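Presented below is the structure to which this report refers.
The values are calculated or read from the model by the stated rules, or taken from the named source; none is laboratory data. Since this is a predicted model, take the numbers as computed values, not measurements. Glycine also receives a Cβ, built like all others from the backbone with ideal geometry; neighbour counts cover every protein chain displayed. SASA here: full protein model, heavy atoms, side chains in, ligands and nucleic acids out. Shrake-Rupley method; radii C 1.70, N 1.55, O 1.52, S 1.80 Å.
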Amino acid sequence: MSFSIPVSIPRLKALHAHNLRSDQDLLDFIPRRYLDRNSVSSVGMLKGSGEEATIIGTVKDIRQADKRLEVIVEDSTGRLKCVWFRGTAYFKKLLSPGDEISVFGKVQRFGAWLSIAHPDVEKIKDNSQLTKTVGTIPVYPSNNFFKKVWLGSQQFQQWALQLLSRDTLPDLLPESVRLRLKLTTRHQAYLYVHSPENLKQANAGRVYLKFEELFFFELAVHTLKLRSASKPAQLHFNGPGELTKTFFNEVLPFELTAGQVNALKDIRTDFGSGRLMNRLIQGDVGSGKTIVAIGAILMMLDNGYQAIFMAPTEILAEQHYRTLFSYLNPLGVDIRLLTGKRKSSQKKEILNAAALGSPMVIAGTHALIQEGVELPRLGLIVVDEQHRFGVEQRARFSSASIPPHTLAMSATPIPRSLALSVFGKLDISVIKGLPSGRKPIKTGIRPDTKREDVYQFLDTVLTDGGQVYIVYPLVEESEALDLENAMDGFETVKGRFPAHRIGLLHGRMKADEKEAVMQAFEAGDTAILVSTTVIEVGINVPNASVMVIEHAERFGLSQLHQLRGRIGRGSRQSYCILITSPKQSKTGRERLRVMTETNDGFLISEADLRLRGPGDFLGTRQSGVPEFRFADLVEDEALLQEAAAQVKLLLADDPELKKPEHEQLRLYFQKYLNERRKFFEMM
Ligand code: ADP
Ligand code: MG
C-alpha cells in the first residue's frame, strides 16, 4: 500500500512510522482541533489588549533594527507593526513593500504602536487560498518524526484536499439512514473535517465519521450474532437438586444479596433454556461473585456434570480450591486442584479421575486447558477475573467436544457501551452493591516522607487485632528489582514491627510456599503480609482491613482498584493508604486523585478508559480488538446506540445486504470484516 500522490522518501518514512500507509489513511488522519480565525478585523478597531486577530493589509515598510525585524502593515483604517526576534532572515526574504498579506496573532499596544510579535503570515496572491490566517484552521496531530521532515498541518490539509478533489468518495451508509439522521455525504464529511468554513461544519464532518465507524462495528456485531445465535446446548438440565438446595439452605452462613439472587436466577434460566450459556457476571470487587459461581457449579453437579473453575493466578486458584473445599467437601463433592506446579503424579491421578466422567469440580489455572484435560461430562467452565485472560485463551475453552456453558466473572466493570458492543454476544448479569454491613473504604495519599506516621497508624490497627497488606509495585523492566523492593520492604517492616509476625509473598516463590504464606495470613497467624502485586486479584481475607501501597503512582487505575478490593471485605472500617514518591507524572497524580474520590469500580473504569483508551483497557490490544479512530466509546455512547438501532433496521430490511443500493456498503463491510476477522471470530 502506498500513496497515489507524490511524497518524498523521508516524509514517506515519517508517515509509515505513524502507520499512515494509504490514501485512505491520509484522509482518516484528521485534525485534532481547529483555530477559529473567521472574522477579519480592521486595524482601527483593535484595542491592543492581547486579543487575537486577523488583519489583511499591505506591507508599507520593512526595517531591521539590531536582531529585530519590523514589518509595518496598513489597511484602510490604520497601521500595525509585526515584529520578529527569531527567523528574521526568512521573513525578510518572503516579504517586500507593496505585498498584500494576511497576518494573525496576539495584538498588543506599545506606546503609540499596535504590534503583533511572531504572527502567522500569508501572502495573498490571485486565487490563493488562505489556510493559516483566515477561516477555520485545522491543527493536525504532530510528533517529532513529522517535525523533522517539516510535515505540518498545512501539508496534511493540502494532501487531503488533493485526494478529495480528484475523486468523489462513494457513500457507504444507506441513504435512508443518512437522511433520517441528517448526516452529510461521506465525501462532504471528509471535506468538512479537513477544510471547514466554520466549526459547525467541522463538527458535522466529525459526527459523520464517528457514526460510520460505529455503524460498521455494530453491523459486524449484529450479523455475526445472527449467525451464531441459538447454539443449542447438548446438556440436559432438570433444575437445581439436592446439593444446591442443601448448600443454600443449610451451609451458606449468610443471606444472598439481591444482586446475587438475580445473577443466580439468570444462570438457572440459561441452563434451562436449551441453549448454551455465555454469561458474564459483572460485580465490583467484594460483591460476592464467588458464591454465584458456586451456585452455578452445584446446579451442574446436581445434573451429573463436571465443572472447572479457572483463575488467572496460582494463588487465586488455590484460594478458590480452599473455599470450594470448605463449602462443598462436607456435602461430599469431589474437589481437585490442578495448577501448573502440581507434581505430575498428582496431575495424572486427577486427570484419570476426570476422564471417568464422574461429577467433580476442578479448580486451577490455565495450565488446565494447556495440558488438555479430558472431561467427558464437562458442563460448565467458570472463568474468574475474566478480563485477565487473553481473547485467544477464552476461545480455547469453547473447543471441547460437547461444548459446555461458560460463566465469566469480572470485577473490572465494563462501561455499558462496551458491554453492548464489544461483548455483543455475551449476556451480562450485574451484581449491584455489596453485601450489607460493609463500610466504605477510606483512601488517602501520603508522601513517602510521612511513612512513619503511617506505621504508627498500623500499630493501632494491629493492636486491635486487625491485619494489614503492604504492597510493592511491579517494576516492569526487571522482575529482580521488583523482588528486591519487596525484600527490602520486608526487612524494614520486620524491623519496625518486631512484636508481630510478618509474611512475605512474591511471584518467584514455589507454589506450596505461596500456599503456606496465604494460609497463614488467612488463618490470622501472620498480622502483616508484605507482597508484590501477586495478591492483586481475587484474594479474600475479610479480617484484613488496611492496605498500604508503596509507590502507588506506578500502578494503573484498575490495578489500584483491584488491590484495594482486597480490603473492605469484613465489618471493620478499612483504610487504603497510597504512598507516593515526589516524582509523579500528571496522569499518575490524576489516577491517585480518582482513587481518593470514589470506591465505585464503574466510575474508576470510566476514568481509566479515558486515561488509557479502550484497547488497553480490555487488555487485548495485541489480540486485534478494533481501535476506534474517531469515536470515543464513553463520550459517544448515544451515537453508538443510534448506530445499533439503525443497523437493526437495515438488517430487518435487507438481512444479507443484497439490495443493489447496498452494494457499496456490502463491499466495504467485507473488507472491514477481513481486516478484523481475528477479533470478530473470537467474540
Ligand atoms: P468478589 O466478587 O470480589 O469475587 P468474593 O466472592 O470473594 O468477592 O466475596 C467477598 C467476601 O464477601 C467473601 O468473604 C464472601 O464470603 C463474602 N460474601 C459474599 N456474599 C455475601 C453476602 N451475601 N453476605 C455477606 N458476605 C458475603
Ligand atoms: Mg473474586
With 0.36 nm assigned to each residue of separation and the Cα-Cα distance removed, residue 52 to residue 659 gains 213.2 nm
Lys and Arg at +1, Asp and Glu at -1: neighbours of residue 234 with Cβ under 15 Å from its Cβ sum to +2
Scan around residue 99 for amide H atoms under 5 Å from its own, H built in the peptide plane at 1.01 Å from N, and keep only partners 5 or more places away or cross-chain.
59
q = 0.05, 0.06, 0.07, 0.08 Å⁻¹, the chain: log10 I(q)/I(0) [Debye, one scatterer per Cα]
-0.35, -0.49, -0.64, -0.79
Scoring the chain by relative contact order with C-alpha pairs under 8 Å, at least six apart, yields a percentage of 12 percent
Nonlocal amide H pairs with residue 360, under 5 Å, H built at 1.01 Å:
306, 307
Principal axis dimensions, largest first and in whole angstrom, of segment 168-218 by Cα
29, 20, 18
Would you please give the FRET efficiency between residue 236 and residue 5, computed as 1/(1 + (r/R0)^6) with r the Cβ-Cβ distance and R0 = 41 Å, to the nearest 0.05?
0.05
Mind checking segment 79-126 for chymotrypsin sites (Phe, Trp or Tyr not before Pro) that DSSP puts in a loop (not H, G, I, E or B) and that have at most 12 other Cβ atoms within 10 Å?
85
From the C-alpha coordinates alone, can you work out the Kirkwood hydrodynamic radius of segment 218-301, in Å?
14.4 Å
Cα extents of segment 442-598 along the three principal axes, largest first (Å):
40, 34, 29
Applying a 10 Å radius around every beta-carbon, put 645-652, 332-339 in order of their mean neighbour count, most first.
332-339, 645-652
Show me the helices of the chain, taken as full DSSP H stretches, that run 30 Å or more along their long axis by Cα and average 0.5 or above in Kyte-Doolittle hydropathy.
none
Near residue 65, within a Cβ-to-Cβ distance under 14 Å, what is the net charge of the other residues, with Lys and Arg +1 and Asp and Glu -1?
+2
Using a 1.4 Å probe on heavy atoms of the protein chains only, the accessible area for residue 163 in Å², nearest 10, reads 10 Å²
Please give every one of the aspartates and glutamates within straight-line cross-link reach of residue 659, meaning a C-alpha to C-alpha distance under 19 Å, and leave out same-chain neighbours fewer than 8 residues apart.
171, 175
Per DSSP, loop chymotrypsin sites (Phe, Trp or Tyr not before Pro) in segment 225-306 with at most 13 further Cβ within 10 Å
254
Calculate one ³J(HN,Hα) per residue across segment 580-585 by plugging θ = phi - 60° into the Karplus curve 6.51 cos²θ - 1.76 cosθ + 1.60, and present them in order as whole Hz with x for glycine and proline.
10, 9, x, 7, 9, 7
Please list log₁₀ I(q)/I(0) at q = 0.19 Å⁻¹ for segment 1-57, using the Debye equation with identical point scatterers on the alpha-carbon positions.
-0.70
Net charge over other residues, Cβ less than 14 angstrom from the Cβ of residue 465 (K, R count +1; D, E count -1):
-1
Please report the accessible area of residue 535 (heavy atoms, 1.4 Å probe, ligands and nucleic acids excluded) in Å², nearest 10.
0 Å²
What the Cα atoms of segment 33-139 span along the principal axes, largest first and in whole Å, is 37, 29, 27
Ratio of Rg to Rh for segment 279-364, alpha carbon only, Kirkwood?
0.96
As a test of the formula, what do you get for the chain when each DSSP H run with n ≥ 4 contributes -39,500 (n - 2.57) and the sum is divided by the residue count, at 222 nm and rounded to the nearest 500 deg cm²/dmol?
-12500 deg cm²/dmol
Largest to smallest accessible area among 669, 325 [probe 1.4 Å]
325, 669
Set of lysines near residue 106 by C-alpha distance (under 17 Å), chain-local residues within fewer than 8 positions excluded:
47, 81, 132
Extension gain, residue 587 back to residue 667 (0.36 nm per residue minus Cα-Cα distance, nm):
24.6 nm
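Just to confirm the filter: which trypsin sites (Lys or Arg not before Pro) across segment 33-98 are DSSP coil and have at most 12 other Cβ within 10 angstrom of their Cβ?
47, 67, 86
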Please return the longest range in the chain lying between exposed loop sites, taking GluC sites (Glu not before Pro), DSSP loop only, at most 16 other beta-carbon atoms within 10 Å, and leaving the sites out.
1-196
Computed for segment 125-198: size of charge dipole around the Cα centre, +1 on C-beta of each Lys and Arg, -1 on C-beta of each Asp and Glu, debye to nearest 20, value 220 debye
Probe 1.4 Å, all protein chains in place: accessible area of residue 7 in Å², nearest 10?
30 Å²
